[in-house]
1. Quick check on this structure: which one of 33, 5, 45, 17 is surrounded by 15 or more Cβ atoms within 10 Å (Cβ to Cβ) and within 24 Å of residue 99 (Cβ to Cβ)?
2. Quick check, is residue 27 crowded, with 18+ Cβ neighbours inside 10 Å and either within 15 Å of the chain's Cα centre (by Cα) or more than 30 Å from residue 170 (Cα to Cα) (or both)?
3. Yes or no: residue 145 more than 20 Å from residue 97 (Cα to Cα) and modelled with pLDDT of 95 or more?
4. Is there any pair with a first residue in the stretch 148-169 that is touching a residue at least 12 places away in the same chain (Cβ under 8 Å) and a second that is assigned to a helix (DSSP H, G or I) and surrounded by 13 or more Cβ atoms within 10 Å (Cβ to Cβ) whose Cβ atoms are under 6 Å apart and which are 6 or more apart or on different chains, and what are they?
5. Can you spot a residue in the stretch 168-186 that is over 17 Å from residue 109 (Cα atoms) and either outside any helix (DSSP H, G or I) or at pLDDT below 90 (or both)?
6. Considering only residues that are buried (at least 20 other Cβ atoms within 10 Å of the Cβ) and either closer than 18 Å to residue 138 by Cα or in contact with a strand residue (DSSP E or B) (Cβ under 8 Å, 6 or more places away or on another chain) (or both), which ones fall in the stretch 58-78?
């Protein structure tokens, strides 16, 4: 996780951390992230402690970031710079397509943001919201970096069941259904580490 913070503080493909403040405890930091000189999101990074695994959360994301050509690359960077068994949390309230598709019952993997996280390498996607006295932020998608040797949850059955009666009268659901074949193919890869992801700066 510290390598992720280092790369973003130095600047990466237009992304740059412009401010770092302490978190709720010494193992956590809050980052303000800009893209091309304008604010796009906050990141909360937890470096891990004891048996508590590291994680990173993206929140208060500017709507303009969704659909930017570098959005998939950013999720790929989070994946590459995070250790195995770490988690990512991404708020989706500023992403109308993802929000609407999930509200209409689409499995997380079929949503726009879930699809991007899946392609970045994350598995065991989960849509959740736990009220914590106004400190929980908005609803978010969670993904895990599953290391080799671990078997992730297979949502293929849930996806196929949804496709049988998907409310395709809604455009957000139609787009989710259009992704289904590719997503089911990705989920069928036995070796999760072989999933093709957008290249990071170090790979170019």
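The values are calculated or read from the model by the stated rules, or taken from the named source; none is laboratory data. Predicted model, so just to flag it, every value in this text is computed and none were measured. Cβ sites come from the backbone with ideal geometry, for glycine too, and all protein chains shown count toward neighbours.
1. 33
2. Judged against the criteria, residue 27 is not a match.
3. Answer is yes for this residue.
4. 155/109; 156/184; 156/187; 163/180; 166/173; 166/177; 167/173
5. Checked the stretch 168-186: at least one residue is over 17 Å from residue 109 (Cα atoms) and either outside any helix (DSSP H, G or I) or at pLDDT below 90 (or both).
6. Matches in the stretch 58-78: 58, 61, 74, 75, 77, 78.
Condition check ((1) farther than 30 Å from residue 148 by Cβ; (2) at pLDDT 95 or above) across all residues:
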site: 11; (1), (2): yes, yes
site: 40; (1), (2): yes, yes
site: 51; (1), (2): no, no
site: 74; (1), (2): no, yes
site: 91; (1), (2): no, yes
site: 107; (1), (2): no, yes
